[in-house]
Amino acid sequence: MFIAPEAVVKNLDILPGMKVADFGAGAGFYTLVLAERVGASGKVWALDIRKEMLEVIRSKARQARLTNIETLWSDLEQPEGSHLKENSTDLVLISNLLFQVQDKKVLAEETSRILKPGGRVVLVEWDEEEKPLGPPLRQRVNRKAAEDIFLKTGFHFEKEFDAGENHYGLILKKP
């Protein structure tokens, strides 16, 4: 199994009414699960730089009759690249994105900017073992480096969780 969004999301204490941003949402595997969890009173922003992926998410949301998803074209390596308001989200999910991002500091700063005080960032990244799945080892961001990127931006480590056999999961909190 590549990754099970339901298994990851169950670790996140998602409550009805929450506002969540899915950074690098891809085909929306997490977006849909998150939208079900936050319910009609909540909102999920699916952000991606690839417009065709946003169309895939819109189509899946229509099929699932989920009206609490908004797709946003975003360049998360630019300041204010998410186009979301400051202090507007309760949680930001970043899955399988760090290894693709050149300017990780800008990504962490944008995460901090849009999170409410006490909000959390969830990182799910490829682990450090060479396996048939995933990017080459040289492109992966190890657990300590991923944590450090966000600690340097002012986040506090909250916990690590099991994100499956090919990934690690971290939760950090904005003070």
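The values are calculated or read from the model by the stated rules, or taken from the named source; none is laboratory data. On a predicted model such as this, the values are computed, not experimentally measured, just so you know. Don't worry about glycine lacking a Cβ; one is built from the backbone with ideal geometry, like all the others, and counts go over all protein chains shown.
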Filtered residues of segment 19-41 (kept if in contact (Cβ under 8 Å) with a residue 40 or more places away in the chain, of a type in the set (A, V, I, L, M, F, W, C) and outside any helix (DSSP H, G or I)): V20, A21, F23, A25
Name the pairs: first residue in segment 97-123 and under 20 Å from Q139 (Cα atoms) and in contact (Cβ under 8 Å) with a residue 40 or more places away in the chain, second residue among the acidic types (D, E) and crowded, with 22+ Cβ neighbours inside 10 Å, Cβ to Cβ under 6 Å, at least 6 apart or on different chains? L98/E125
If you scan segment 132-175, which residues turn out to be surrounded by fewer than 16 Cβ atoms within 10 Å (Cβ to Cβ), modelled with pLDDT of 95 or more and not small (G, A, S)? K144, D148, L151, K152, H156, F157, E158, K159, E160, P175
Looking only at segment 73-123, filter to residues that are within 11 Å of the chain's Cα centre (by Cα) and assigned to a loop (DSSP other than H, G, I, E, B); which one of those is surrounded by the fewest Cβ atoms within 10 Å (Cβ to Cβ)? N96
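Looking only at segment 54-72, count how many residues are among the β-branched types (V, I, T) and in a loop (DSSP other than H, G, I, E, B).
So the first thing to find is which residues in segment 54-72 are among the β-branched types (V, I, T), and the list is 56-57, 67, 69, 71.
So of that shortlist, the ones also in a loop (DSSP other than H, G, I, E, B) come out as 67.
Within segment 54-72, residues that are among the β-branched types (V, I, T) and in a loop (DSSP other than H, G, I, E, B) number 1.
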